[in-house]
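To start, I am sharing the structure in question, which I have written as structure tokens.
The values are calculated or read from the model by the stated rules, or taken from the named source; none is laboratory data. On a predicted model such as this, the values are computed, not experimentally measured, just so you know. Cβ placement follows ideal geometry from the backbone for every residue including glycine, while neighbour counts extend to all protein chains displayed. Protein only, heavy atoms only, side chains kept; ligands, DNA and RNA dropped before computing areas. Shrake-Rupley method; radii C 1.70, N 1.55, O 1.52, S 1.80 Å.
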Amino acid sequence: WRVPLPAPAADDGAAVPAPNVNVYPTEEQADALAALLQERGLAAASIGCGNGYLEGMLEAREIDVLAVDLELTIAAEDYLKMRSFCTQIVRVRPDALVRLRGDPAATALLFVWGRTLPWRSYLEAYPAVPLVVIVGDLSRDGCATEPAADALAGADGWREVARFPVRALSPAALLVAYERC
């Protein structure tokens with residue numbers, strides 16, 4: 001199954017909604033991701049959510065979202081001053097994993113434009129998670145994101161089920177979804 005979406009123009013005129021937002025999908029792109037999660041009856045745990053812009057878009061589409069961001073370079077009290085586009089953002093140290101709410105087998109892991117996300121640790125900690133969505137660039141493109149959008153391409157136990165361009169700071173940004181098989 002692939003999501004048939006046209007590539008958005010990199011300069012489609014949409015302004016970055018806030019300084020800590022790296023990914024700001026179009027309504028159609030958010031609809032496509034929400035449809036993928038809804039088809040499978042999945043909640044989402046988004047690791048590396050920043051200000052929670054994408055996560056707020058998913059909440060608006062009635063997806064249950066656990067938004068998590070890593071507390072890296074600013075003081076904890078400064079996080080309280082940051083704008084939040086979703087209901088709640090859980091801030092954690094990079095070496096701490098968040099416990100997923102509910103059943104991991106009913107949760108998709110989203111890794112959104114990460115630079116140092118502990119994504120492998122989450123996959124190891126939650127082997128029942130059926131779907132992983134990575135938003136980033138491709139490893140062959142000099143990759144600013146870790147994980148790269150194609151991090152699970154060809155990996156044992158995973159198959160790609162969706163891939164489409166997504167509006168972000170990089171015009172080459174992709175959203176790639178992998179299903180456990």
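Give me the percent of the accessible area of the chain that comes from carbon and sulfur atoms, probe 1.4 Å, all protein chains in place.
The nonpolar share, carbon plus sulfur, comes to 50 percent.
Sticking with this one: For the chain, give the share of DSSP beta bridges that are antiparallel, in percent and rounded to the nearest 5; count only bridges with both residues there.
Bridges in the chain that DSSP calls antiparallel: roughly 45 percent.
Okay, helix-only estimate at 222 nm for the chain: each DSSP H run of n ≥ 4 adds -39500 (n - 2.57), divide by all residues, round to 500 deg cm²/dmol; what do you get?
So the calculated ellipticity at 222 nm is -4500 deg cm²/dmol.
Moving to a separate point now. Alpha carbon centre of the range 12-54 versus the range 80-142: separation in Å?
The distance from the Cα centre of the range 12-54 to that of the range 80-142 comes to 13 Å.
Could you work out how far apart the two model spin labels at Ala128 and Ala172 are, taking each label as a point 7 Å from the Cα in the direction of the beta carbon, and quote it in nm?
Computed distance between label sites Ala128 and Ala172 equals 3.9 nm.
Same structure again: What whole-number value in Å² describes the accessible area per residue of the range 78-158 for a 1.4 Å probe?
Each residue of the range 78-158 exposes 51 Å² on average to a 1.4 Å probe.
Here is a further query. For the pair Ala153 and Arg61, what calculated FRET efficiency results from E = 1/(1 + (r/R0)^6), where r is the Cβ-Cβ distance and R0 = 35 Å, to the nearest 0.05?
0.85
Continuing with this model, one more query. Give the span of the chain's Cα atoms along each principal axis, as three whole-Å numbers ordered largest to smallest.
43, 39, 34
What length, rounded to one decimal in nm, is gained on full extension from Ala96 through to Arg140, with 0.36 nm per residue of separation minus their alpha-carbon distance?
So the extension gain works out to 12.9 nm.
May I ask you to order 173-180, 33-40, 98-105, 162-169 by the average number of other C-beta atoms within 10 Å around their residues, highest value first?
Per-residue mean Cβ counts within 10 Å order the peptides as 173-180, 162-169, 33-40, 98-105.
Another one. Using 0.36 nm times the number of residues separating Ala105 and Glu160, minus their current alpha carbon distance, what extension gain do you get?
Once the chain is fully extended between Ala105 and Glu160, it gains 18.0 nm.
Continuing with this model, one more query. Taking a probe of 1.4 angstrom, what is the accessible area of Thr87 in Å², to the nearest 10?
120 Å²
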